[in-house]
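Participant: Got a structure for you, questions after.
Please treat every number below as a calculation from the coordinates, not as lab data. Predicted model, so just to flag it, every value in this text is computed and none were measured. Counting neighbours? That spans all protein chains shown, and the Cβs are built from the backbone with ideal geometry, glycine included.
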Amino acid sequence: MSEVLWKPNEDFVRKTSMFDFMQFVERRHQNKVLFHGDYRRLHAWSVANINEFWMDFFTYCELRYSVPPTKAIDTGVSMDSKPVWFPGCFTNYAENLLLGGQPNDIAIYSCLEEQYLVPCLTYGQLTEQVNAAAHGLRSLGVVAGSRVAGLLPNCIEAVVCYLAASSIGAIWSSASPDFGAKGIIQRFELVQPTVLFTVTQTIYRGKTFDQLEKVRDLVQALNPKPVRVVFVPFLQMLCTDLYSNGDAISTRTTDKNGVDSKQIGWMMWNWLVSAVALGSSVVLYEGCPFATNLWDLIDGLSITTLGTSAKWLAVCEERALKPGGTDILGCCVGCCPVLPVYRGRIQCRLLGMAVESWDEDGKPHTDRKGELVIVRPFPSMPVGFWNDPGDSKYRDAYFAKFPHIWSHGDFIELHSETETLTISGRSDTTLNPSGIRFGSAEIYNLIEGLPGVLDSLCVAQSNADRSDERMILLVKLSDNSIPDGPLPTELATTIQQAIRSQLSPRFLPAVMCCVSAIPSQGVSMGWYCARKDCRAGLLQRKRNRQHRIRNLSSPCVGPKITRPIGRMVQPQQATWYLPG
């Protein structure tokens, strides 16, 4: 069994919100349900009685509403049929967040690399700015269902625009300014935003980057054009309107929830902003996390919760910084204050999340790696995909592998003795080099439009301890006379320039090779997952997954190589490898 790093004592447990919630549920059900302080009993009850659990949780959180719900969900509807949560209930996300703290409490701090004066906003000021922005959006014709886009850094203005759009019922779509023009266009042309918020400049590693040309390309490509493009004076604001660090600390009255450099295009940013609903002070950090000492920032602002990436923690470890302990917090699995922390393990499955590990035949198991699935509905399931009539893309994305069962795209192991978990990597097409997540389809759409390229395959290659991965790009050329091996220099440079300018420098592959053949199968969402399986060296026993892996014979592929490509469940099953 894994080593216990920390274990709460009884006094600590009784002071937690988790223990308070247990008692709340017991009282609400007149002690017909008893947990005796046991989280595992509470979790088992929460997934077996999802309607009762989510109604109890809704009441416990004291969410504000104009019309209350009568039930949480119709349990007779299958997961892939997109069951409606809290039918008949009317509530406003932005309102619930803005009423979380007192008017004079600090709601948000905004930090920039190498910036030692930290601007902040109180709950009262945040509410005023959100109301003003919402009024402006309404004057431009934004209504419920309209799309509002943000091409913004991680700053106060991004939060204001996001909450203003949400308060109206508009759909918020965001992207980080460090994306290339093509990557941004691909994201925003789908939703056709009515209003676009953006900036003229950004900063990273001490360098200032102009964004005007990228915004021009975006607006020119959008059809129809946005009614208004609003430029936020991001860097100018940071250089003039500042509160001193000392003043900020002296006015704080609540805990801080911090984050280092999350892009606003990732769901973790939305999660962070939601912390203001608890009366917390949210700390936004924009820029390179290595350009300043984030630990000094954590001490200076008395940050109590830090959201960061595994890559940043790995660099801290390389620099001989010694933390007291780490854990990760996710939607499906995560941490719990009433349970012990085991070395190298995620503490538990979260309440209401019916997480299981399944084999390829759809059977649950423990103590070995399998597919992370969720077998009961949960509120954070997507309400749908944009421009997906009939929900075919939605079902292909999450329910194609196991009928009516959510397949999350991760390899997971449930340890039966402690009910802790280990997640060992992605099982779908998402790549995650150095903590930067993106889909392989973004690379395919760009690379396979270049002259001389017939086909390509993006590969995630994990290091020995699976703490990081790099991207390998295999390219099949139209010129069969070019031998297998490294790409010709001119083509390699063209690919690098295209990815750097049109997607992001963070998407650049670590290794590029040309090969004589690429595994092929029918074109579908399942095809991308099948390519991922093949490059990870996994033997698929399903009849519809027969890959021509052995066609990849080349000088860069051979038996002398020791590091497997991708995320392998059983390395001895691999039929081909890449140089490491």
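Participant: Treating only the Cβ of Lys, Arg, Asp and Glu as charged (+1, +1, -1, -1), what charge dipole size does the range 342-382 show about its Cα centre? Round to the nearest 20 debye. Let's see the in-between values first.
Facilitator: Details: 7 positive and 6 negative charges, 60 e Å.
With Lys and Arg at +1 and Asp and Glu at -1, about 300 debye.
Participant: Please sort by residue number the trypsin sites (Lys or Arg not before Pro) in the range 133-239 whose DSSP state is loop and whose Cβ has at most 13 other Cβ atoms within 10 Å.
Facilitator: Numbers: sites: Arg138, Arg147, Lys182, Arg187, Arg205, Lys207, Lys214, Arg216, Arg228; in loops: Arg205.
Sparse-neighbourhood loop trypsin sites (Lys or Arg not before Pro): Arg205.
Participant: Something else about it: What distance in nm separates the simple spin-label points at Ala48 and Ala221, each placed 7 Å from Cα in the Cβ direction?
Facilitator: In this crude label model, Ala48 to Ala221 measures out at 5.2 nm.
Participant: Distance cut-off 23 Å, Cα to Cα: go down the list Lys82/Lys393; Lys369/Lys393; Lys32/Lys71; Lys363/Lys393 and report the pairs above it.
Facilitator: On the way: Lys82/Lys393 13 Å; Lys369/Lys393 27 Å; Lys32/Lys71 20 Å; Lys363/Lys393 25 Å.
Beyond 23 Å between Cα atoms: Lys369/Lys393; Lys363/Lys393.
Participant: To make sure I understand, if each residue's beta carbon is the centre and we count other beta carbons within 10 Å, what order do Ser504, Ser478 fall in, fewest to most? Mind dumping the intermediate values first?
Facilitator: On the way: Ser504 20, Ser478 10.
The fewest-first ordering by Cβ neighbours comes to Ser478, Ser504.
Participant: So which trypsin sites (Lys or Arg not before Pro) in the range 327-381 end up in coil per DSSP with only 13 or fewer other C-beta atoms within 10 Å?
Facilitator: Working: sites: Arg343, Arg345, Arg349, Arg368, Lys369; in loops: Arg343, Arg345, Arg368, Lys369.
When the trypsin sites (Lys or Arg not before Pro) of the range 327-381 are filtered for loop state and at most 13 Cβ neighbours within 10 Å, Arg343, Arg368 remain.
Participant: Let me ask you something else. Express in nm, to one decimal, how much length is gained between Ser302 and Phe12 on full extension, taking 0.36 nm for each residue of separation and deducting their alpha carbon distance.
Facilitator: Values: separation 290, 0.36 × 290 = 104.40 nm, distance 2.12 nm.
Working it through step by step, the gained length comes to 102.3 nm.
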